[in-house]
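Everything on this sheet refers to the single structure shown next.
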Amino acid sequence: MIRRFFMLCSGADTNLLETCSSGEQNKYAGIGATVFFTAVMAFIASSYALYTVFDNVYTAIFFGIIWGLLIFNLDRFIVSTIKKRNSFRSELVQATPRIILAVIIAVVISKPLEMKIFEKEINQVLLEQKNEMTLANKQQLALQYTPVVEALNQDIADLKSEIVTKEAETNALYDTYITEAEGTAGTMLLGKGPVYKEKRDKHDAYLAELQELKATNGQKITDIENQIAALNVEYAEVVANSQPIIDGFDGLMARINALGELPWLPSFFIFLLFLAIETSPIIAKLLSPKGPYDLKLEDEESAIATWVTQKVRQREHILATDTTLNEKVYGEIAEEEAAYAYKKEKAEELLRLQANAFHELQIKNL
């Protein structure tokens, strides 16, 4: 029963093949088994590839079954349409388009399986790419926030510098009125005289301004620091919101590109393996000699072709004979006087009826 199933997979006429020897049946059963297991590999490969797209097992299996059946039908069609000829060159010409199609199918089948075989290496490449994308994303987003933060930090530095300058001026006035009181500078008079009082008042005024400046600039600095903190929080949120997009960068196209960055030789040998599997039924039919099944199939096809040719030629002869007879019969009728008189009588009667009808129509219109 298994052999019959595989013979059915080969696209051969099972009824005709059962009349052949066991060796011939085994040959086509082997071809059918290759077609069947190629479809199974296509199902596995497409299911994995579609799982990376949909992230759903049932959806991937459903479409994988459809793809496997499609590949099975294509392979079965390719094998079944190759007919043995008396010339190897004509067989090769006949098989060339089918071999090209088999190569395309082998590429489509092998790629998803390559991705599964080299999954760990592909994940490593994807991890490196994701890390690079994360750093590039942070740098790109930082370009939007860094100039603003730097400007705000510069404003804080200017406010602090203004306070430091005011403190230096106030401290200088403090030293001035102290040395005036000590008599070591200014009027060089010891004691707190009018000049001392003037310098002390000036210092006190600067000190009050300094206190007010510290309070004002301190509030400004606090507001600016709050703005910087808000910008940092916003930057962190933007980075966090964009990170899932980078983390999800592991679809089918990303994996194919990652596979392309790996050494090509292992992938090439896997492709050659599937190419050999896919083209083996075609090559087997090309290289194998014409067997009993091919002879019987050719006999049936030639019998049908001969019968159809005979039917067509028979119809052509019938048509030619009938045309000749019709021409002869109607030619003889045309030469008979009785037929001519009868035709003339009927024509005259038809003309009289037409004239009477026209006359009645004219009277009615008047």
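The values are calculated or read from the model by the stated rules, or taken from the named source; none is laboratory data. Just so you know, these numbers come straight off a predicted model, no measurement behind them. Here the Cβ is made from the backbone with ideal geometry for all residues, glycine too, and neighbour counts use every protein chain on show.
Summary table
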quantity: Only listed residue being without any contact (Cβ under 8 Å) to a residue 60 or more places away in the chain, over 30 Å from residue 290 (Cα atoms), of a type in the set (Phe, Trp, Tyr) and part of a helix (DSSP H, G or I), chosen from 43, 36; calculated: 43
quantity: Every pair of residues 6+ apart whose Cβ atoms lie under 9 Å, when the first sits in region 226-240 and is of a type in the set (S, T, N, Q) while the second is part of a helix (DSSP H, G or I) and surrounded by 10 or more Cβ atoms within 10 Å (Cβ to Cβ); calculated: 227/148; 227/149; 227/152; 232/145; 232/149
quantity: Any chance residue 286 is aliphatic (A, V, I, L, M), outside the structural domain of residue 96 (by TED's automatic domain parsing), part of a helix (DSSP H, G or I) and within 22 Å of residue 26 (Cβ to Cβ); calculated: no
quantity: Counted residues, region 94-128 - those being out of contact with any helix residue (DSSP H, G or I) (no Cβ under 7 Å at 6 or more places or on another chain) and over 30 Å from residue 78 (Cβ atoms); calculated: 7
quantity: Subset tally (residues that are surrounded by fewer than 16 Cβ atoms within 10 Å (Cβ to Cβ) and outside any helix (DSSP H, G or I)) for region 79-91; calculated: 5
quantity: Every residue from region 219-241 that is more than 44 Å from the chain's Cα centre (by Cα) and of a type in the set (Asp, Glu); calculated: 223, 225
quantity: Condition check for residue 114: loosely packed, with under 12 Cβ neighbours inside 10 Å and under 29 Å from the mean Cα position of the chain (by Cα); calculated: no
quantity: Complete set of residues in region 5-28 that are closer than 16 Å to residue 290 by Cβ, touching a residue at least 24 places away in the same chain (Cβ under 8 Å) and in a helix (DSSP H, G or I); calculated: 16, 17, 24, 27, 28
quantity: Checklist (1) touching a residue at least 24 places away in the same chain (Cβ under 8 Å); (2) under 30 Å from residue 168 (Cβ atoms) applied to residue 222, failing item; calculated: (1)
quantity: Residue in region 273-283 that is surrounded by the fewest Cβ atoms within 10 Å (Cβ to Cβ), counting only those that are closer than 16 Å to residue 11 by Cα and touching a helix residue (DSSP H, G or I) at 6+ places or on another chain (Cβ under 6 Å); calculated: 280
quantity: Residues being of a type in the set (D, E, K, R) and either closer than 19 Å to residue 124 by Cα or not assigned by TED's automatic domain parsing to the domain that holds residue 38 (or both) - total across region 259-279; calculated: 1
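Conditions tested, residue by residue: (1) in contact with a Pro (Cβ under 6 Å, 6 or more places away or on another chain); (2) at pLDDT below 85; (3) in a loop (DSSP other than H, G, I, E, B); (4) buried (at least 18 other Cβ atoms within 10 Å of the Cβ).
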position: 53; (1), (2), (3), (4): no, yes, no, no
position: 62; (1), (2), (3), (4): no, no, no, no
position: 65; (1), (2), (3), (4): no, no, no, no
position: 69; (1), (2), (3), (4): no, no, no, no
position: 72; (1), (2), (3), (4): no, no, no, yes
position: 77; (1), (2), (3), (4): no, yes, no, no
position: 93; (1), (2), (3), (4): no, yes, no, no
